[in-house]
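Quick note: the coordinates plus some simple rules give every number you see, no bench work behind them. From a predicted model like this one, the values you see are computed outputs, not experimental measurements. Here the Cβ positions follow ideal geometry from the backbone for every residue, glycine too, while neighbour counts run over all protein chains shown.
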Amino acid sequence: MNAVHGKAGTDGGVSAALRRRLPLGIKRRLNRAYWLGYDATDAFAEFVGRLPSHTLRVFLYRHLLRISVGSHTSIHRNCRFYRPSHVMIGANTIINRDVLLDGRQGLLIGNNVSVSEGAYIFTLEHDPNSPVFASRGAPVRIEDYVFIGARAVVLPGVTVGKGCVVAAGAVVTNDVPENAIVGGVPARAIGQRRADLNYSLDYRKFLG
């Protein structure tokens, strides 16, 4: 199912009660201003993702884009964010290059998580049965010690339980129980991971 590359909601940052009383022209201008700021934030996050210094990238993610990034967590180059301020990443987690993290409906990534190159985690998508191609979505939760393989896709509303492995190229459409290994399209159980995981990830590249 194709993910939405637009936005969710059209409140323009104005309360519903006030919006009803405003003239139509003002409503439109406020709405345009809101989405301009929204798009500018996403564009700035993409620019930050191209910076060659890991230390500078993480500083800007934390302090300008308001992404919650835990200690000893690395976010490698060319990652992209939708609504970055609604993304929370725990400690000792590795987000490899070219990953897309969608915070539009809320995204929580735990501690000691490894997300491989080219993985996509979406919280919003289109409803193919909607006569107006409406969007739908829900928060995504990636719990501690999860390993997500290269080019895997996690779709809205999914919880990937503690210790899970998502195989390369898998498309996760439903919750994954703890320590399960899943693969395929859609992802199904293909194995079981041991439960006594006790490692601490701490890997970054200065120019990574």
| task | Can you check what the net charge comes to around A167, using other residues whose Cβ is under 12 Å from the Cβ of A167 (Lys, Arg +1; Asp, Glu -1)? | result | +3
| Alpha-carbon gyration tensor eigenvalues x 5, square-rooted, for segment 67-192, Å | 21, 18, 12
| task | Grab the Cα-Cα distance for A189 and N78, subtract it from 0.36 nm times how many residues apart they are, and report the gain in nm with one decimal. | result | 36.9 nm
| What's the angle, to the nearest 10 degrees (0 to 90), between helix 24-49's Cα axis and the longest principal axis of the chain? | 30 degrees
| query | If one takes the longest principal axis of the Cα atoms in the chain, at what angle in degrees, from 0 to 90 and to the nearest 10, does the Cα axis of helix 54-63 lie? | reply | 50 degrees
| note | Ranked by GNM mean-square fluctuation in the chain (Cα springs under 10 Å), the top entry among L107, L24, L36 is L24
| Computed helical MRE - 222 nm, the chain, DSSP H runs ≥ 4 contributing -39500 (n - 2.57), nearest 500 | -6500 deg cm²/dmol
